[in-house]
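Read through the structure below, which is laid out as structure tokens, and then see the notes.
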Amino acid sequence: MIRSMTAFGSARADLDQGSLSLEFRSVNSRFLDLYFRLPDDLRHLEAPLRELLTGSLGRGKVEVRVSYTRNAAADLDRLDTQWLQRLAEQLQAARQILPETEAPRLVELFNWPGQRNNDALDPQAWGAAGMQAAREALAQLQDARVREGERLAAMMRDCATGIQKIVEDVEQHLPQLLADHREKLANKLRETVEAAFPGGFTHISGPELTERLAQEANLFAMRIDVAEELSRLRSHLAELVHILADDKAGGSGDGKSGKRAGGSGSAGKRLDFLFQEMNREANTLGSKAGSVDVTRAAMDLKLLIEQMREQAQNIE
């Protein structure tokens, strides 16, 4: 299924000791780039989080934010009374010099650096909570990627329909273009001969004139022959439909569907290459244009291809 690289997911896990919050923010990137913002107490979560994300996502710059809040009420009976007594003595000594010194609040006592008795977090309990939140946040992230990817795919299908119509119009226009050129060539040749040799057509046989017109028409037809370019555009459109349909049929929101089965590569990278090839055919079509209508068609093709290419930049 087509997935966007721009998405967000968050989750929270509650423990007896407190709560943990986790966020995933994903934006465009050529590769999978992971950036972690973890508190030092939860730095051990980086390795399992990295393994989870690399196994589930194909591309994107993903920022991982983790924060936690301790539940002071759960640790009330664990305060070190001896440390509190020493702190009270130090506070009393400070007030002898600075009488207006305020006593610390209870929450400050629990979060006093290096002084609280239960400073270390339980790695096993907090690690399990962190991975639970990570799986929930990842599911949100993947769902958001799918929804945005469906919108991008719909926009590309609309552009592909426009390209298909332009190709058909150009194909229908080519025979008339050749006929118009043959008529213009005949008129020009007739005017030239009449200007150079009044009554000169009496000395030129019909077969000779017909043969000369046929030669000129054939040369012109060779210069404006865009059948190969139109055929390749049709082939590229078929491949585009295949990529969108193939990704739509494959995968689900199971967390591991971000990477295509069979190792056929990123859909976004395949589409980017495909649009480069389509743009090349549109350029060739414009260079061979034998009329203003074909030139305009080539420009319209390039605009539609560019719109699809911009959308593909956001696809995983």
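State which residue is most open to solvent (accessible area, probe 1.4 Å) when the search covers only the stretch 138-155 and only residues that are among the hydrophobic types (A, V, I, L, M, F, W, C) and touching a strand residue (DSSP E or B) at 6+ places or on another chain (Cβ under 9 Å).
ALA139
Which of the residues spanning the stretch 1-20 are in contact with a helix residue (DSSP H, G or I) (Cβ under 7 Å, 6 or more places away or on another chain) and of a type outside the set (A, V, I, L, M, F, W, C)?
Residues satisfying the conditions are ARG3, SER4, THR6, GLY9, SER10, ARG12, ASP16, GLN17.
If THR54 meets every condition in (1) surrounded by 12 or more Cβ atoms within 10 Å (Cβ to Cβ); (2) at pLDDT 90 or above; (3) out of contact with any strand residue (DSSP E or B) (no Cβ under 8 Å at 6 or more places or on another chain) apart from one, which number is that one?
If we test THR54 against (1) surrounded by 12 or more Cβ atoms within 10 Å (Cβ to Cβ); (2) at pLDDT 90 or above; (3) out of contact with any strand residue (DSSP E or B) (no Cβ under 8 Å at 6 or more places or on another chain), just (3) comes out false.
Suppose we keep only residues that are of a type outside the set (D, E, K, R) and farther than 16 Å from GLN140 by Cβ within the stretch 2-19. Which one would you say is surrounded by the most Cβ atoms within 10 Å (Cβ to Cβ)?
Per the criteria, the residue is ILE2.
What are the residues in the stretch 288-316 that are farther than 12 Å from MET156 by Cα and without any contact (Cβ under 8 Å) to a residue 24 or more places away in the chain, if any?
VAL292, THR295, ARG296, ALA298, MET299, LYS302, LEU303 - these are the residues of the stretch 288-316 that are farther than 12 Å from MET156 by Cα and without any contact (Cβ under 8 Å) to a residue 24 or more places away in the chain.
The values are calculated or read from the model by the stated rules, or taken from the named source; none is laboratory data. Quick caveat, the model's predicted, so the values are computed rather than measured. Because the Cβ atoms are built from the backbone with ideal geometry, glycine has one as well, and the counts that use them run over all protein chains shown. The area values use the complete protein model at the heavy-atom level, side chains included, leaving out ligands, DNA and RNA. Shrake-Rupley method; radii C 1.70, N 1.55, O 1.52, S 1.80 Å.
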